[in-house]
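These notes are about the structure you will find just below.
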Amino acid sequence: MKGLLRKDFYLIRATLPLACLAMLVAGGCLSVLVSANVFLAIAPVVLGLVALTTVNIDRHDGWNRLAATLPCGPARAIGGKYLLYLLLSLGGVLLGLLLAVAGSALLRGWGGETFGIFFAIGLALPLLSGAVGLPAAFLLGEDKNMLVMMFSYPLASALLVALVLAIDAVLPAALVLIGCSAAAYAASWLLAARLLPRRDLR
């Protein structure tokens, strides 16, 4: 698994700085309008999307077919993508936390009421979108996969709104969403590792 992760990090090492720059620009603009805590939601999503690009790169390079012949096997290669996505998303949460603290210090406004909400969204959103987006990345083409990812973000927002209306409290609803998203990601990982190797991945 270590070798698979190293391969993928080599693939994205040139993309990560550009992704971080885009995140800084978008987050910085929104911080002025809303709160620096938006970095908590933006950073994990951006870095998670970078992980998804490795699936498309592997498809173009023929890695999916090569992985089926290697000792690691296709199931382990698929698990490596899920692990990479999870590591980058958690790294995005930590980076978002640092940027939120730094931005709040510069803007002289902590926004403690929104911190917990944005932190919960930053944990839940990449997990839920990854649970949907990773299988789509393996099964669909690049264009269709991007459409699936675009629809996964409104889906997560709709789930949060539904939970808020049901529980009548924002932060507890966000915590429930984290639990549901983590369960969905784990289920997606297990099912993908078991079922996808049986298909002829393009």
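Annotations
- Output for segment 171-202, where each listed residue is under 22 Å from G116 (Cα atoms), aliphatic (A, V, I, L, M) and at pLDDT below 90: L171, A173, A174, L175, V176, L177, I178
- Flag for A169 being over 21 Å from L84 (Cβ atoms) and surrounded by fewer than 18 Cβ atoms within 10 Å (Cβ to Cβ): yes
- Number of residues in segment 1-38 that are within 19 Å of F115 (Cβ to Cβ), among the hydroxyl-bearing types (S, T, Y) and assigned to a helix (DSSP H, G or I) equals 1.
- When segment 6-33 is filtered for residues that are more than 16 Å from the chain's Cα centre (by Cα) and either in contact (Cβ under 8 Å) with a residue 40 or more places away in the chain or closer than 30 Å to A75 by Cβ (or both), the ones remaining, listed by number, are R6, K7, Y10, L11, R13, A14, L24, G27, G28, S31, V32.
Residue-wise test of (1) modelled with pLDDT under 85; (2) buried (at least 18 other Cβ atoms within 10 Å of the Cβ); (3) small (G, A, S).
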| position | (1), (2), (3) |
| --- | --- |
| M1 | yes, no, no |
| L4 | yes, yes, no |
| K7 | yes, no, no |
| A14 | yes, no, yes |
| A22 | yes, no, yes |
| A26 | yes, no, yes |
| S31 | yes, yes, yes |
| A36 | yes, yes, yes |
| L40 | no, yes, no |
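- Every residue from segment 46-59 that is touching a Ser or Thr at 6+ places or on another chain (Cβ under 7 Å), at pLDDT 85 or above and among the β-branched types (V, I, T): V50
- For segment 60-92, the set of residues classified as touching a helix residue (DSSP H, G or I) at 6+ places or on another chain (Cβ under 8 Å), farther than 18 Å from K2 by Cβ and modelled with pLDDT under 80 consists of N64, A68, listed by residue number.
- Residue among A162, A100, A124 that alone is at negative phi, in a helix (DSSP H, G or I), surrounded by fewer than 19 Cβ atoms within 10 Å (Cβ to Cβ) and at pLDDT 85 or above: A162
The values are calculated or read from the model by the stated rules, or taken from the named source; none is laboratory data. Predicted, not measured: the structure shown is a model, and the values here were computed from it. Cβ atoms come from the backbone with ideal geometry, glycine included; neighbour counts cover every protein chain shown.
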